[in-house]
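The next block holds one structure in the form of structure tokens; read it before the comments.
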There are 2 protein chains.
Amino acid sequence: MAEANQREAIDLGEKFGLFSDQWSPRIIAGLNDLHVKIAKIEGEFVWHSHAETDEFFLVHKGSFVMEYRDRSVTLKAGDVHIVPRGVEHRPVAAAECEIVMIEPAGTLNTGDAGGDRTVEAPPWI
Amino acid sequence: MAEANQREAIDLGEKFGLFSDQWSPRIIAGLNDLHVKIAKIEGEFVWHSHAETDEFFLVHKGSFVMEYRDRSVTLKAGDVHIVPRGVEHRPVAAAECEIVMIEPAGTLNTGDAGGDRTVEAPPWI
């Protein structure tokens with residue numbers, strides 16, 4: 001599936017319209033060994049980190065706060081954000097927010113934390 | 001500079017407001033070994049390909065056409081597009097268009113084609 005959706009126009013708005021469940025990422029594209037994922041988030045996620053990789057975030061719609069242990073960064077539609085590898089973080093959204101993420105294929109949403117909010121293999125959409 | 005802008009809110013609209021020259025990419029973030037770049041484009045670019053890497057495109061404002069030898073894909077604001085490695089392509093924009101690109105650091109804008117439109121080392125912004 002690595003080449004799924006290549007050379008297509010991938011309409012983010014259309015893709016977000018295809019599902020409604022929150023904290024459940026979908027893969028929309030492959031970029032070398034990375035996956036481009038989208039998700040709808042609302043409320044607090046779990047504290048976690050990714051030892052091996054940075055994470056790319058882009059807010060498509062709405063806003064959320066990326067909490068770190070020493071600071072919080074408010075992100076609104078049209079903002080890009082990079083979470084450095086190995087740094088604990090927790091996304092918190094007061095209202096539903098649509099986000100785009102890019103990270104290596106196989107990166108778990110809960111990183112080193114595990115638990116029942118882990119999505120082992122997000123589906124393509 | 002790989003960690004520049006990490007843990008910041010990188011406002012795409014604000015970054016695009018900082019320059020006006022076309023076909024001259026700026027780096028706004030590092031994601032592992034990749035760079036997140038932005039550019040303003042208008043008119044035709046040169047045909048080229050990148051043997052070693054796929055390329056990620058996101059249209060921030062406006063629209064453009066990604067031409068391939070066998071097809072053309074129209075991309076508008078909010079569309080993501082992946083150019084597969086090794087495939088000849090040429091972006092063409094009828095009016096100025098703002099785009100976000102993600103590709104390995106050091107990837108040349110003109111790929112294997114070279115020439116006077118090559119930007120060897122885009123600046124950070």
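The values are calculated or read from the model by the stated rules, or taken from the named source; none is laboratory data. None of these values were measured; they are calculated from a predicted model. Here Cβ is always computed from backbone atoms with ideal geometry, including for glycine, and neighbour counts include all displayed protein chains. We work out accessible area using only protein heavy atoms, side chains counted, and drop any ligands, DNA or RNA first. Shrake-Rupley method; radii C 1.70, N 1.55, O 1.52, S 1.80 Å.
The C-alpha radius of gyration of the protein assembly as shown, expressed as a fraction of 2.2 N^0.38 Å, stands at 0.97.
In straight-distance terms, cross-link reach from A:Lys15 covers every one of the aspartates and glutamates whose alpha-carbon lies under 14 Å from its own, apart from those fewer than eight places away in the same chain; here that gives A:Glu98, B:Asp79. Only protein heavy atoms count here; under a 1.4 Å probe, A:Arg7 has an accessible surface of about 50 Å².
Here A:Arg7 yields copy-to-copy label distances, from shortest upward, of 4.3 nm, the label point defined as 7 Å from Cα along Cα to C-beta. Here segment B:12-104 is described by how far its Cα atoms reach on the three principal axes: 36, 33, 21 Å, from widest to narrowest.
Note on A:Arg71 and A:Leu18: the model spin-label points, each 7 Å out from Cα along the C-beta direction, lie 3.6 nm apart. The other copies place their B:Tyr68 label points at 4.0 nm from this one, listed shortest first, where each point is 7 Å from Cα along Cα→Cβ.
Using the Cβ-Cβ distance between A:Val46 and A:Trp124 with R0 set to 25 Å, the FRET efficiency works out to roughly 0.55.
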